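Novice: Encoded as structure tokens, here's the structure I'll be asking about.
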Amino acid sequence: MTVEGHLALDEELKFLTSKERPQIIAAIAEAREHGDLKENAEYHAAKERQGFVEARIKDLEAKLSRAQIIDAATMSGNVVKFGATVTVIDEDTEEEHTYKIVGEDEAEVTLGKVSITSPIARALISKEVGDVVEVRAPAGLRSLEICEVNWV
């Protein structure tokens, strides 16, 4: 994962453990004070939320412990690799698009961040500036010419 992706997951983990978890514990304690737990909707909602948050915390801890962090700023060259920001031109529409190849947890297509496992990223990896790649997208086959590879 990229440095930015690692920081985002770490921030989410800190928020869940320092803010969200204590709020849920307080909500459960307050719901218990209301009496009969069998018919207490507040209690059941808080317990359900607690289960979701605890599962997400475990997931984040596992991902962060296994993460291999790649700093794109230390890389260079014209060959597309993980962490690269790639500018392409769609040969059919002549539209220019810029994609940053990131880890699965960081992908946000609306921001131009595509997962390393996406069809576009798989087509671009190991190619160079000037190469034309064929991408099988849901809308059909697209031909993209690589114009620029940046390492920002």
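Novice: Please list, or write none, the lysines whose alpha carbon is within less than 18 Å of the alpha carbon of K63, excluding same-chain residues fewer than 8 places away.
Specialist: Excluding near neighbours in sequence, the set is K14.
Novice: What dipole magnitude, in Debye to the nearest 20, does the chain give about its Cα centre under +1 on Lys/Arg Cβ and -1 on Asp/Glu Cβ?
Specialist: For this selection, approximately 680 debye.
Novice: For Cα pairs less than 8 Å apart in space and 6+ apart in sequence, what is the mean separation divided by the residue count of the stretch 101-140, i.e. the relative contact order in percent?
Specialist: Worked out over the stretch 101-140, it gives 29 percent.
Novice: Quick one: if you stick a label point 7 Å off each Cα along the C-beta vector at E145 and K47, how many nm between them?
Specialist: Using points 7 Å along Cα→Cβ, the separation is 6.3 nm.
Novice: Under a straight-distance cross-link criterion of Cα-Cα below 20 Å, which lysines are reachable from K100, leaving out those fewer than 8 residues away in the same chain?
Specialist: Filter leaves K81, K113, K127.
Novice: Which of rounded, prolate or oblate describes the stretch 72-150 when judged by the alpha-carbon gyration tensor and an a/c cut-off of 1.5?
Specialist: oblate
Novice: Then there's this: Fewest Cβ neighbours within 10 Å first, please rank T2, T110, T74 accordingly.
Specialist: With the fewest neighbours first, T2, T110, T74 line up as T110, T74, T2.
Novice: Ratio of the stretch 3-66's C-alpha Rg to 2.2 N^0.38 Å, to two decimals?
Specialist: Dividing the Cα Rg of the stretch 3-66 by 2.2 N^0.38 Å gives 1.35.
Novice: Once every DSSP H run of n ≥ 4 in the chain is given -39500 (n - 2.57) and the sum is divided by its residues, what mean residue ellipticity at 222 nm do you get, rounded to the nearest 500 deg cm²/dmol?
Specialist: Only helices count here, giving -12000 deg cm²/dmol.
Novice: Under a 10 Å cutoff between Cα atoms, tell me which one of L124, L141, L16 has the largest fluctuation in the Gaussian network model of the chain.
Specialist: Most flexible of the set in this elastic network: L141.
Novice: Taking the chain as the reference, fit the longest principal axis to its C-alpha atoms, fit the long axis of helix 21-32 to the helix C-alpha atoms, and give the angle between the two in degrees, 0 to 90, nearest 10.
Specialist: Taking the Cα atoms of the chain, the angle to 21-32 is about 30 degrees.
Novice: Here's a follow-up. Name the most mobile residue of P138, P119, P22, meaning the one with the largest mean-square fluctuation, in a Gaussian network model of the chain with Cα contacts below 10 Å.
Specialist: P138
Novice: Before anything else, pin down the relative contact order of the chain: Cα pairs under 8 Å, at least 6 apart, normalised by residue count, whole percent.
Specialist: The value is 23 percent.
Novice: Need the C-alpha centroid separation for the stretch 86-132 versus the stretch 16-66, integer Å.
Specialist: Their Cα centres are 38 Å away from one another.
Novice: Picking from D105, D36, D90, which is most flexible by a Gaussian network model of the chain using Cα springs under 10 Å?
Specialist: D36
Novice: For K113, which sequence-distant residues (separation of 5 or more, or a different chain) have an amide H within less than 5 Å of its own amide H, given hydrogens modelled in the peptide plane?
Specialist: K100, E108
Novice: How large is the charge dipole for the stretch 72-150, taken about the Cα centre, if only the Cβ atoms of Lys, Arg (+1) and Asp, Glu (-1) carry charge, to the nearest 20 debye?
Specialist: 360 debye
Novice: What GluC sites (Glu not before Pro) does the stretch 8-104 have in DSSP loop regions with at most 16 other beta carbons within 10 Å?
Specialist: For GluC sites (Glu not before Pro) across the stretch 8-104 that sit outside H, G, I, E and B with at most 16 neighbouring Cβ atoms in 10 Å, the list reads E33, E39, E91, E94, E95, E104.
Readers should treat all values here as calculations from the given coordinates under stated rules, not as data from a laboratory. Keep in mind it's a predicted model, so treat the numbers as computed, not measured. As a convention, Cβ positions derive from the backbone with ideal geometry for all residues, glycine included, and neighbour counts pool all protein chains shown.
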